[in-house]
Amino acid sequence: MSDTLKRVELPSGRWWEVEGRPRWRHLRELAARRGLGSPMKASYSDLADAALVLLTTAWSFEEPVCPASVRNRDPDDVAAVLTEVAEAMEHLVRTRRDKGALAMKLFAGLMQGRVPEAFEEVDLMSRTGWTWEQLQETPADVVELTSVYLSVVEAIETGGSVGAEVGGDGGV
């Protein structure tokens with residue numbers, strides 16, 4: 001099971017597996033279902049059903065995953081899964097809401113010659129050309145060594161120095 005998948009043990013004794021970290025494609029598809037981004041075109045129940053269908057990777061029920069199947073599930077089971085999905089979505093909503101603060105944090109860090117921790121993976125993908133999937137499958141020691149290597153090369157090219165940010169704390 002992927003580290004982003006969450007298997008929810010349900011009150012009914014069954015299980016339901018969902019993406020614990022929504023993908024960009026999930027958000028695009030959900031926005032499309034909402035009708036040009038307007039939440040007024042669909043009920044909250046319909047949106048919740050659509051989100052669960054998009055984020056469900058497997059479940060222990062016989063029916064295929066679709067909005068009608070989700071509506072037929074025990075309300076306590078649905079509530080348990082929605083709780084898991086809500087936690088993932090809360091992080092995403094908080095990130096979107098705090099975009100200005102994140103941008104300021106990134107700007108301040110870059111102006112000080114360092115990449116803030118929240119952006120380390122993005123920076124590494126940008127500098128290596130790795131995709132997210134490639135980064136996830138790369139051995140951890142290779143990721144760490146690549147990060148250190150790129151930081152040292154950058155320090156040499158810019159006439160800077162190598163400090164604690166390249167050290168044992170895992171930072172770039």
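Quick note: the coordinates plus some simple rules give every number you see, no bench work behind them. As the structure is a computational prediction, the values presented were derived from the model and not from experiment. Heads up, the Cβs are rebuilt from the backbone with ideal geometry, glycines too, and the neighbour counts pull from every protein chain shown.
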Assuming 0.36 nm per residue, please report the length gained on full extension of the stretch residue 118 to residue 140 beyond their Cα-Cα distance. 6.2 nm
Can you tell me the FRET efficiency between residue 156 and residue 23 if r is taken as the Cβ-Cβ distance and R0 is 30 Å, rounded to the nearest 0.05? 0.20
Plugging the Cβ-Cβ distance of residue 99 and residue 4 into 1/(1 + (r/R0)^6) at R0 = 30 Å yields, to the nearest 0.05, a FRET efficiency of 0.85
Just subtract the alpha-carbon distance of residue 60 and residue 12 from 0.36 nm times their residue separation and send over the number in nm, one decimal. 16.2 nm
Total formal charge among the other residues, if their Cβ is under 9 angstrom from that of residue 150, Lys/Arg +1 and Asp/Glu -1: -1
Inter-label distance, nm, simple model (7 Å from Cα along the C-beta direction), residue 125/residue 110: 1.6 nm
By how many nm would the segment from residue 74 to residue 148 lengthen if fully extended, with 0.36 nm per residue of separation less the alpha-carbon distance? 21.6 nm
